[in-house]
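Okay, structure first, notes after.
The values are calculated or read from the model by the stated rules, or taken from the named source; none is laboratory data. Values in this document were obtained by computation on a predicted structure and should not be read as measured data. Note that each Cβ is placed from the backbone with ideal geometry, even for glycine, and that neighbours are counted across all protein chains shown.
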Amino acid sequence: MVNPSGSSGMRDPDVTIRRILKVNHAGEFGAIRIYGAQILMARRLFPDIVPALEEMREDEIDHCRLFREAMPARRAKPCRVMAFWSLGGFVLGILTALGGRDMIWICTEAVESTVHRHLEDQLAFLKERDPKLHVLIATIQEQELAHLRKAEESQKKRGLSHALLLPIVGALTDLMIWLSTWGDSSWMRAEMARAGKE
Ligand SMILES: [Fe+2]
Ligand SMILES: [Fe+2]
């Protein structure tokens, strides 16, 4: 699985696999922090949605652990800017919770649908190259889809805030992924799209 000569070159699949693990692990950590901040606020403001948020946070904790455990065999290391993900997630969670209960769900919808798109690219790339990781990500993706569905169902109405916030949070999530991979997510996306078509 690991190519000993493979630490150089953007096209080395092992490098891409390490970057996938790194960004997914960091992203799950960010998600834990988003839900954590929202739970903190929701306990005071909208206690009825706390159990649903806690359940999703539990899933993210699981995902984060699973990605961490998949790292050593692939010589991957956690993201160097985890504090950045931590703070970004926490601030996003607090701000959306202040905006009201629908904002919480719009945030979840935006993050989970952006994540879903990245996972789709990854699955296409990994299918032949790392079947074990492919299975792991496919399983996790099912749970992320359940989060997405829950967020969609929970919104009372979809007005202006949905139209405005969805693309903003989606773009922020993309930006976080882009920054934490030092811009590599762009070429990864192109690479994975190309690999998917092969
Ligand atoms: Fe997750
Ligand atoms: Fe999720």
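Tabulated values for the structure
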read-out	value
Residue in region 70-81 that is surrounded by 18 or more Cβ atoms within 10 Å (Cβ to Cβ), of a type outside the set (D, E) and within 14 Å of the chain's Cα centre (by Cα) present	yes
Of all residues in region 143-161 being more than 16 Å from ligand 1 (Cβ to nearest atom) and modelled with pLDDT of 90 or more, the one that is surrounded by the fewest Cβ atoms within 10 Å (Cβ to Cβ)	E153
The listed residue being in contact (Cβ under 8 Å) with a residue 24 or more places away in the chain, surrounded by fewer than 20 Cβ atoms within 10 Å (Cβ to Cβ) and of a type in the set (A, V, I, L, M, F, W, C), out of L126, L98	L98
Residue in region 68-81 that is farthest from G27 (Cα to Cα), counting only those that are in a helix (DSSP H, G or I) and out of contact with any helix residue (DSSP H, G or I) (no Cβ under 6 Å at 6 or more places or on another chain)	A73
Where I140 falls short, out of the listed (1) of a type in the set (A, V, I, L, M); (2) within 15 Å of T16 (Cα to Cα); (3) crowded, with 20+ Cβ neighbours inside 10 Å	(2)
Verdict on S161 being within 16 Å of ligand 2 (Cβ to nearest atom), closer than 28 Å to M103 by Cβ and of a type in the set (S, T, Y)	no
Subset of region 113-142 that is modelled with pLDDT of 95 or more and acidic (D, E) - its residue that is nearest to the chain's Cα centre (by Cα)	E142
Top-ranked residue of region 20-46 - restricted to ones that are among the aromatic types (F, W, Y) and in a helix (DSSP H, G or I), ranked as surrounded by the fewest Cβ atoms within 10 Å (Cβ to Cβ)	F29
